[in-house]
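For reference, the structure discussed in these notes is given below.
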Amino acid sequence: MRKADVRKAMGLYFIMGTPNIRNQEPLAVLEAALRGGITCFQLREKGENALQGDALLGFAKKCQAMCRLYRVPFIINDDVDLALALNADGVHVGQDDEQAALVRKRIGPDKWLGVSTHNSDEVKLAEEIGADYVGIGPIYPTATKLDASAVVGPELIEEIRNTFPDMPTVGIGGLTLANSGLALQAGADGVAVISAIASAENPMDAAKAFSKLLT
């Protein structure tokens, strides 16, 4: 049941932090995305002018409350202390963040754990330490993550799907309406996007358009 829930949540996975929003109010963007049909939300508060301390806690609480209203899982990127303080639904970590095995110990068996992966070896390790899903990417070049790894293309998704058929997967990195179909055809359970929704003139319409791809 849990695996099925995770797989379903991977459909349209929105990632956002205040530095990703330019001319709109971040909470308004999140609400628009929720109304547009996102299935999971990850708060990734990193980069220049990122919120910290009480400001971050306050913002995260508002995001979490909004996600609960729409019954969408609320995931925290990397910040285990914040996730525990809020009793978030899960934590997502990269290869350079706190080791996934340690994160699993800290959050316990009931919270979701996602891991960013760039090859089969990293997926195998994620599976061994009890990750609930893996992000595969970057599928295409991305400007959102300045230290992104080498582009892997949809081919890696297909390889992972064939090698680890039980592992829920979400493609990430440079995904747009125009190219997300290839990631889905390759076997991803869904697509993770940042700027395609966060930078859209109308985030709700952008989310709706992605949702149509998934039906």
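The values are calculated or read from the model by the stated rules, or taken from the named source; none is laboratory data. Quantities reported herein were computed from a predicted structural model and do not represent experimental measurements. Don't worry about glycine lacking a Cβ; one is built from the backbone with ideal geometry, like all the others, and counts go over all protein chains shown. Protein only, heavy atoms only, side chains kept; ligands, DNA and RNA dropped before computing areas. Shrake-Rupley method; radii C 1.70, N 1.55, O 1.52, S 1.80 Å.
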Quiz item: How many percent of the accessible area of the chain is carbon or sulfur, using a 1.4 Å probe?
Solution: 51 percent
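Could you work out [θ]222 nm for the chain from helices alone, using -39500 (n - 2.57) per DSSP H run of at least four and dividing by all its residues? Round to the nearest 500 deg cm²/dmol.
Details: 10 runs with 93 residues, N = 215.
Helix contribution divided over all residues of the chain: -12500 deg cm²/dmol.
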Practice problem: Would you look at the GNM of the chain, springs on alpha carbons closer than 10 Å, and say which of 70, 133, 13 moves the most? | Solution: 70
Quiz prompt | Charged-residue dipole, Cβ positions (Lys, Arg, Asp, Glu), the chain about Cα centre, Debye nearest 20 | solution = 740 debye
Quiz item: What translational diffusion coefficient, in µm²/s and rounded to a whole number, does the Stokes-Einstein relation yield for the stretch 63-215 at 37 °C and a viscosity of 0.692 mPa s, taking the hydrodynamic radius as the Kirkwood radius over Cα pairs?
Solution: 205 µm²/s
Quiz prompt | Pairs from 105/212; 8/62; 62/111 whose Cα-Cα separation, in the structure shown, is over 30 Å | solution = 105/212
Quiz item: Which Rg and Dmax, in Å, describe the Cα atoms of the stretch 91-165?
Solution: 12.5, 34
Quiz prompt | Most fluctuating residue given options 77, 49, 162, as computed from a GNM of the chain linking Cα atoms under 10 Å | solution = 49
Exercise. Mind jotting down the three principal axis lengths of the stretch 148-196 based on Cα atoms? Whole angstrom, largest first.
Key: 29, 20, 14
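Which value, in Å², gives the accessible area per residue of the chain when a 1.4 Å probe is used on the protein heavy atoms? Don't skip to the end; give the middle numbers.
Numbers: 10330 Å² over 215 residues.
Per residue, the chain has 48 Å² of solvent-accessible surface.
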